[in-house]
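J.: Let me give you the structure first, and then I'll get to my questions.
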Amino acid sequence: MELPDCNSKYSRKDYWEERFAVEKEFNWLGGLRHYVDVLDDMLSSFYKSDSILQLGCGNSSFSTELSAHGWTNITNMDISLNGLNRLREREPRSEYLLMDMTRMPIKDHSFDIVIEKATLDSLLVTAKSPWNFQSEENLLVSKVLSEVKRILRPGGTFISITFTQPHFRVPILTTKGLDWSVRVDTVESSGLPSYVMQMTAGDPKPALDKYCWVHSIEVKVKDSADLIISSEDEDFLGNIDPNSDSENDNDVSR
Ligand SMILES: C[S@@+](CC[C@H](N)C(=O)[O-])C[C@H]1O[C@@H](n2cnc3c(N)ncnc32)[C@H](O)[C@@H]1O
C-alpha cells in the first residue's frame, strides 16, 4: 500500500474508503500480541461476555484477535463502509456499525468497554501544535471522549492505544467533566513505544500530576460538523439521525 502524499489525508473519510477498497488488512501499531498482557490486567474485573465497542476498526484484525482471546460480544465501528466490509469478511460473528465516532447515535450507557487503536491519532494529523489543546483537531478528540463517556455503562472503561506521548494526550483525557482516572502503560511494538491508556471513573489528579505541565483544562466542544469534516462528509453524516435512540440505525451487519 502506497503512503499518502500528505499526512492530512489520514483525517479524511474518502482517503480511508479508497484505501480499504484495495487494502485487505493492516494493523496500526501492531496486533494484539503486543498488548495482550496489559489488556488482560486492565480488564481483569470484566467478563469475557461484556460488551466491547471498537472505534475505527478499519481493516485491522484486532477484533478478530480479541475474539480468539475469548471476548464474545464485540461491536466494530468505522466511518468507512469499505473498512467494515473488509473486516466483516473475516469476522462475521461481530456486530458492525457505520458511524462517525464524533457523534454516535447510540443510547447512553450501552457498552462496558470502549476501545480504540490509532483511531484518535488519525484525527490529529493536521494539528499544527500538539500543545494547543483548543485546536480544532483536539476539540474533535474531546468530542469523541465526551461521547465515549456518555455511552459507557457505569463501571465501564475506555482503553486507548496510541503513539501519542502521554504529556500530549493525558491533558485531554483529564479534561474537567470527564472525571476519569488515567492509567498509562508503555508497550514496545514494532520497535517503537505505544501507550495503552485506561480511563475509568475516578480522580484525574494523579495522572495530571504525573504527566501534565498544565492544570486541568476545560474544553469547549463545538458541534463536530463545524470542525474538520468536509461538506461531502456532512451529507453522509446527515443520513444519521443524531436524536435516534436506536443503536441499530446504522447497523450494516444485517
Ligand atoms: C489509523 S486507522 C486505525 C485502524 C485500526 N484501529 C487499527 O488499529 O489498525 C484509523 C481508522 O479510523 C477510522 N476513522 C477515522 N475517522 C473516523 C470517525 N470520525 N469515526 C469513525 N471512524 C473513523 C478510519 O476509517 C480508519 O479505519
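The values are calculated or read from the model by the stated rules, or taken from the named source; none is laboratory data. Quantities reported herein were computed from a predicted structural model and do not represent experimental measurements. A quick note on method: Cβ atoms are made from the backbone with ideal geometry, for glycine too, and the neighbour counts reach across all protein chains shown. Note: accessible area is taken over every heavy atom of the protein model, side chains too, but ligands, DNA and RNA are not part of it. Shrake-Rupley method; radii C 1.70, N 1.55, O 1.52, S 1.80 Å.
J.: Which residues' amide hydrogens lie under 5 Å from the amide hydrogen of SER189, considering only partners 5 or more residues apart or on another chain, with H built in the peptide plane?
T.: Close amide H contacts, sequence-distant or interchain: SER194.
J.: With r as the distance between the Cβ atoms of ARG93 and SER181 and R0 = 35 Å, compute the FRET efficiency 1/(1 + (r/R0)^6) and round to 0.05.
T.: 0.60
J.: Quick one: dipole size for region 107-178, taken about the Cα centre, charges +1 on Lys/Arg Cβ and -1 on Asp/Glu Cβ, in debye to the nearest 20.
T.: Dipole size: approximately 160 debye.
J.: What number do you get for region 34-140 when its Cα radius of gyration is normalised by 2.2 N^0.38 Å, N = residues?
T.: 1.14
J.: Taking R0 as 51 Å, what's the FRET efficiency between SER190 and HIS109 from their Cβ-Cβ distance, rounded to 0.05?
T.: About 0.90, to the nearest 0.05.
J.: Ignoring any ligand, DNA or RNA, what whole percent of the accessible area of region 12-124 comes from carbon and sulfur when the probe is 1.4 angstrom?
T.: 49
J.: Which shape class, rounded, prolate or oblate, goes with region 7-238 when its Cα gyration tensor gives a ≥ b ≥ c as root eigenvalues, a/c under 1.5 marks rounded, and past that a/b bigger than b/c marks prolate?
T.: It comes out rounded by the Cα gyration axes.
J.: Going down the table (LYS24/LYS176; LYS13/LYS143; LYS24/LYS128), which pairs top 28 Å between alpha carbons?
T.: Violating the 28 Å Cα-Cα cut-off are LYS24/LYS176; LYS24/LYS128.
J.: Same structure again: Mind checking which of SER49, LEU84, ALA68 is farthest towards the positive end of region 11-137's charge dipole, using Cβ charges of +1 (Lys, Arg) and -1 (Asp, Glu) about the Cα centre?
T.: Of the listed residues, the answer is LEU84.
J.: Taking amide H positions as placed 1.01 Å from N in the peptide plane, with prolines and chain starts having none, which residues 5 or more places from HIS109, or on another chain, fall under 5 Å of its amide H?
T.: Those lying under 5 Å, H to H, from HIS109 are ILE151, LEU152.
J.: Can you compute the charge dipole magnitude of region 7-238 about its Cα centre, using +1 on each Lys and Arg Cβ and -1 on each Asp and Glu Cβ, nothing else charged? Give it in debye, rounded to the nearest 20.
T.: In total the dipole reaches around 300 debye.
J.: Counting only the backbone N, which residues of region 94-119 are under 19 Å from the spot 7 Å out from the Cα of ALA68 toward its beta-carbon?
T.: Flagged as within label range: 94-95, 117.
J.: A follow-up question, please. On average, how much accessible surface per residue is there in region 7-238, in Å², for a 1.4 Å probe, leaving out ligands, DNA and RNA?
T.: On a per-residue basis, 44 Å².
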